[in-house]
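Accompanying notes for the structure given below.
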Amino acid sequence: MIGIEEIGVHISQERISNYERKEKFGIDDHFIEEKIGVRSVARKGADEETSDLCLGACADLRAKNDFAPEEVEMLVVVTQNPDCNIPHVSAVVHGKLGLPESCACFDISLGCSGFVYALSVAKAFMQANGMRRGLLFTADPYSKVVDSDDKNTTLLFGDAAAVTLLTDAPVLVPEKFSFGTIGREHEKLTCAKGPLYMHGRGVFNFAAKTIPDDIRELLEKTGLTLDEVDRFLLHQGSKIIVETIAAKLGVPREKVPYVIHDYGNTVSSTLPILLADELAGRARTFVMSGFGVGLSWASGLLRRVDPK
C-alpha cells in the first residue's frame, strides 16, 4: 500500500506587496482581500532555479523525516518551468541530492492539476515496480514567465515547491481519482510566444462550472456523501474561486481552507502545501481537486490510515 508519509515545503522568502501596487493597477483593498485574496506574492531569487526550490523543500522534508537518500527508488518533478529544456529537471535534482543511480527519474509537465495527476502516476509506478520509497516534487516558479505589468497574473502567482514522501508506511492513502480536459479552451491560460497569458473570467467560469460536478461524481463512485468528507482541499487559484466552489457544493467554509494570502498561487504546489498542514491533524477523509492549465482538472480521495 503506497501513500503519503510526509510532505516538505519551501516558499521563497522574498515578497512583493500587492498593497504597494494598488495605484499601478487601479485596484483597492477589497479586490486584494476578497477577490484574489493575495496580499503579497513570493518571489524566488534571481540566481535560484527550479531545482533549487526542490532542494529547499527536500531540506524541510528531511527535518521532519530523516529518510535515507540511498533508499529512494523514484523521483518525480511536476513542472512546466524547469531549469532548462534538456535535461529533465528531475535528473538535475537527483544529482544535487546525490541519490543512487538505480533511482528512476522523470518529469511530468502539468500545471495546477499536476499534483493529483502525479500522485496517481507515481503510486501506480511504484506499485508496478515493487518500490517502497519515492519523492514527488512540485515546483513551478511562474515568476519565470509572468509579466510584471500584467494585472491578471503578477498579482496572483507566487514561487514555492513541495516534496511528498511516498512510502509503504503511509499516513494518507489515495483511493479514487477523476480526470478531465477541455483542450479546445487551452488558449485561456497559455505561455506560447511571450509571457504568461490568462483569461481570468474564462478560467474562473471553467472551474466554477466543472469542479463541483466532478467532486460530486467522484463521491458517487466512492459511496461517500459530502457530509462524510472532513476537508475539501481545492487548488488555491484565488479566494473567490475557492469560495465559489465551496458555495456550489454547499459545504461549510471551515471544511475548505484558503491559505495563500501571504505568498500567492503556487500552481501545482498549492495542494501538497495544504496537505502538509493536515498530516498531523485529526481529519480522516479528504477530497482534493486541482484545476487550471489545459484546461485540465484532477480530483482525488484520500483517507487517513488507522495507526497500528
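The combined condition, being among the small types (Gly, Ala, Ser), surrounded by fewer than 17 Cβ atoms within 10 Å (Cβ to Cβ) and without any contact (Cβ under 8 Å) to a residue 40 or more places away in the chain, is fulfilled by Ala68. Pairs meeting the criteria (first residue in the stretch 42-61 and in contact (Cβ under 8 Å) with a residue 12 or more places away in the chain and assigned by TED's automatic domain parsing to the domain that holds Val89, second residue among the basic types (Lys, Arg) and assigned to a helix (DSSP H, G or I), beta carbons under 7 Å, at least 6 apart or on different chains) are Ser51/Lys96; Leu55/Lys96.
Just one of (1) exposed (fewer than 15 other Cβ atoms within 10 Å of the Cβ); (2) at pLDDT 95 or above fails for Gly223. It is (2).
Checked against the criterion of being modelled with pLDDT of 95 or more, surrounded by fewer than 20 Cβ atoms within 10 Å (Cβ to Cβ), in a helix (DSSP H, G or I) and under 18 Å from the mean Cα position of the chain (by Cα), the stretch 110-129 contains one or more residues that satisfy it.
In the set (1) more than 24 Å from Asp147 (Cα to Cα); (2) at pLDDT 95 or above; (3) under 19 Å from the mean Cα position of the chain (by Cα); (4) in a helix (DSSP H, G or I), the condition left unmet by Arg216 is number (3).
For Ala169, indicate whether it is surrounded by fewer than 20 Cβ atoms within 10 Å (Cβ to Cβ), aliphatic (A, V, I, L, M) and either under 30 Å from Tyr19 (Cα atoms) or in contact (Cβ under 8 Å) with a residue 12 or more places away in the chain (or both). It is true that Ala169 is surrounded by fewer than 20 Cβ atoms within 10 Å (Cβ to Cβ), aliphatic (A, V, I, L, M) and either under 30 Å from Tyr19 (Cα atoms) or in contact (Cβ under 8 Å) with a residue 12 or more places away in the chain (or both).
Answer yes or no: is there a residue in the stretch 12-20 that is under 16 Å from Thr270 (Cα atoms), among the aliphatic types (A, V, I, L, M) and in the same structural domain as Cys84 (by TED's automatic domain parsing).
Within the stretch 12-20, none of the residues are under 16 Å from Thr270 (Cα atoms), among the aliphatic types (A, V, I, L, M) and in the same structural domain as Cys84 (by TED's automatic domain parsing).
Of all residues in the stretch 268-297 being closer than 18 Å to Ile7 by Cβ and in contact with a Ser or Thr (Cβ under 6 Å, 6 or more places away or on another chain), which is surrounded by the fewest Cβ atoms within 10 Å (Cβ to Cβ)? So, considering only residues that are closer than 18 Å to Ile7 by Cβ and in contact with a Ser or Thr (Cβ under 6 Å, 6 or more places away or on another chain), the one surrounded by the fewest Cβ atoms within 10 Å (Cβ to Cβ) is Ser289. State whether the residues of the stretch 257-280 include one that is outside any strand (DSSP E or B), farther than 21 Å from Thr164 by Cα and not assigned by TED's automatic domain parsing to the domain that holds Gly8. Yes, that holds for at least one residue.
The values are calculated or read from the model by the stated rules, or taken from the named source; none is laboratory data. Being a predicted model, the structure only gives us computed values, none of them experimental. Cβ sites come from the backbone with ideal geometry, for glycine too, and all protein chains shown count toward neighbours.
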